[in-house]
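Presented below is the structure to which this report refers.
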Amino acid sequence: MRNLHGKVILISGASAGIGLATALACAKAGMNASMCGRDLPRLEAAAQTIRAACPGANLHLFAADVSRQAEVEAWVADAAGCFGRVDAIYCNAGYGQLRTILETTDREIREMFETNYFGTLSLIQAAMPHLRKADGGLRHILICASAAAKVGLPSYGHYSATKAAQDAVASALRAEMAHEGFAVSCVYPTGTRTEFFKRSGSHGHSNTPAWMEQSADQVANAILAALHRPRPEVWPHFLTRVGVVLGTALPSFAAAQMIKLFGRQRAQRSLQGRPE
Ligand SMILES: NC(=O)c1ccc[n+]([C@@H]2O[C@H](COP(=O)([O-])OP(=O)(O)OC[C@H]3O[C@@H](n4cnc5c(N)ncnc54)[C@H](OP(=O)(O)O)[C@@H]3O)[C@@H](O)[C@H]2O)c1
């Protein structure tokens, strides 16, 4: 088990939800955390929450939009200057939109890829020189994909595509960087109670059955466990992983489940008076 005390982690999208919960878990483990989000007052409020639960927390805040590479580079340089090293990064910032494949505009798709996929790449690229030179560093890259990376959820198809792209990068990068002592962990949350579903246009409702839903703290604890003991895949909800394995083995069954799910989504939409 690795000692995380005094180690430095950069977390994108840390002003809310899973990113905030992860920053808190890392601070409690004695890590120094640099937190980014687009809105400084939200980051300050998040830092206050962390300091209330963990008074000694050593935090660095930086307002940056991960879809803008120059802002990510400025954030990483500032964080490295503040703490003097970077041991780990958690590429977490992301969002989804409740839209079918055909009703999503080209612009919406590209914007989502800019944040979820290219934002991930920008952070990896900007942090790499610092991760490499940290003496005795953790050399750990964590990427927040989703269980949706593995299934292609109806009404979240383009979102699933961004997550599948992150998943593919994690898998390839893990192999490419292993000889330098790097660990790459991909995180696959299922429906998590955060602001995600307010922002996605689903009026706060997830399609995740209640027994599969999890809290942001559960995801954060799984990430912390991976920081202690690196592993390629982080599944905070074990049964979801079992479901994904079964779905891969039984594609016709999986397809039937997705068709049923879309049927429920259509019924919900017509109740809400939205076009099908
Ligand atoms: N919630 C779920 O059910 C679920 C399931 C699977 C995977 N995930 C993944 O988990 C990650 C975190 O989601 P969450 O549920 O915690 O969502 P959330 O509560 O909406 O938090 C998203 C965080 O990302 C920040 N953010 C969004 N766009 C950004 C950008 N362009 N640049 C910098 N920061 C940005 C937000 O702050 P600002 O808006 O102030 O910038 C906020 O801090 C995402 O990658 C998501 O795809 C979530």
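Listing for the model above:
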| read-out | value |
| --- | --- |
| Number of the condition not met by L24 [criteria: (1) in contact (Cβ under 8 Å) with a residue 40 or more places away in the chain; (2) away from the ligand (no atom under 16 Å from the Cβ)] | (2) |
| Yes/no for A220 being in contact (Cβ under 8 Å) with a residue 40 or more places away in the chain, near the ligand (Cβ under 8 Å from one of its atoms) and buried (at least 19 other Cβ atoms within 10 Å of the Cβ) | no |
| Some residue of region 135-152 being within 15 Å of the ligand (Cβ to nearest atom), in contact with a strand residue (DSSP E or B) (Cβ under 8 Å, 6 or more places away or on another chain), of a type outside the set (A, V, I, L, M) and not in a helix (DSSP H, G or I) | yes |
| Some residue of region 86-101 being touching a Lys or Arg at 6+ places or on another chain (Cβ under 7 Å) and either among the hydroxyl-bearing types (S, T, Y) or within 16 Å of the ligand (Cβ to nearest atom) (or both) | yes |
| Which listed residue, of A80, A93, A70, A74, is in contact (Cβ under 8 Å) with a residue 40 or more places away in the chain and part of a helix (DSSP H, G or I) | A80 |
| Complete set of residues in region 27-54 that are away from the ligand (no atom under 11 Å from the Cβ) and either of a type in the set (K, R) or touching a Ser or Thr at 6+ places or on another chain (Cβ under 6 Å) (or both) | K28, R51 |
| Residues of region 1-16 classified as within 13 Å of the ligand (Cβ to nearest atom) and surrounded by fewer than 24 Cβ atoms within 10 Å (Cβ to Cβ), total | 1 |
| Given (1) assigned to a helix (DSSP H, G or I); (2) under 14 Å from the mean Cα position of the chain (by Cα); (3) of a type outside the set (V, I, T), number of the condition R132 does not satisfy | (2) |
| Filtered residue count, region 153-180, keeping only those that are within 11 Å of the ligand (Cβ to nearest atom) and not hydrophobic (A, V, I, L, M, F, W, C) | 6 |
| Condition met for E108 (within 15 Å of the ligand (Cβ to nearest atom) and either in contact with a His (Cβ under 9 Å, 6 or more places away or on another chain) or not in a helix (DSSP H, G or I) (or both)) | yes |
| Residue under evaluation A183, criteria (1) within 23 Å of A21 (Cβ to Cβ); (2) crowded, with 19+ Cβ neighbours inside 10 Å; (3) within 15 Å of the ligand (Cβ to nearest atom); (4) not polar (S, T, N, Q), criterion not met | (3) |
| Tally, over region 48-104, of residues that are closer than 16 Å to A33 by Cβ and out of contact with any Gly (no Cβ under 6 Å at 6 or more places or on another chain) | 32 |
| Given (1) more than 9 Å from the ligand (Cβ to nearest atom); (2) buried (at least 22 other Cβ atoms within 10 Å of the Cβ); (3) aliphatic (A, V, I, L, M), index of the condition L121 fails | (2) |
| Condition met for G243 (surrounded by 11 or more Cβ atoms within 10 Å (Cβ to Cβ) and in contact with a Phe, Trp or Tyr (Cβ under 8 Å, 6 or more places away or on another chain)) | no |
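Each value in this text was obtained by applying a stated rule to the coordinates, not by laboratory testing. Computed from a predicted model, the values in this text were never measured in an experiment. Neighbour counts are summed over all protein chains in view; Cβ atoms, including those assigned to glycine, are modelled from backbone coordinates with ideal geometry.
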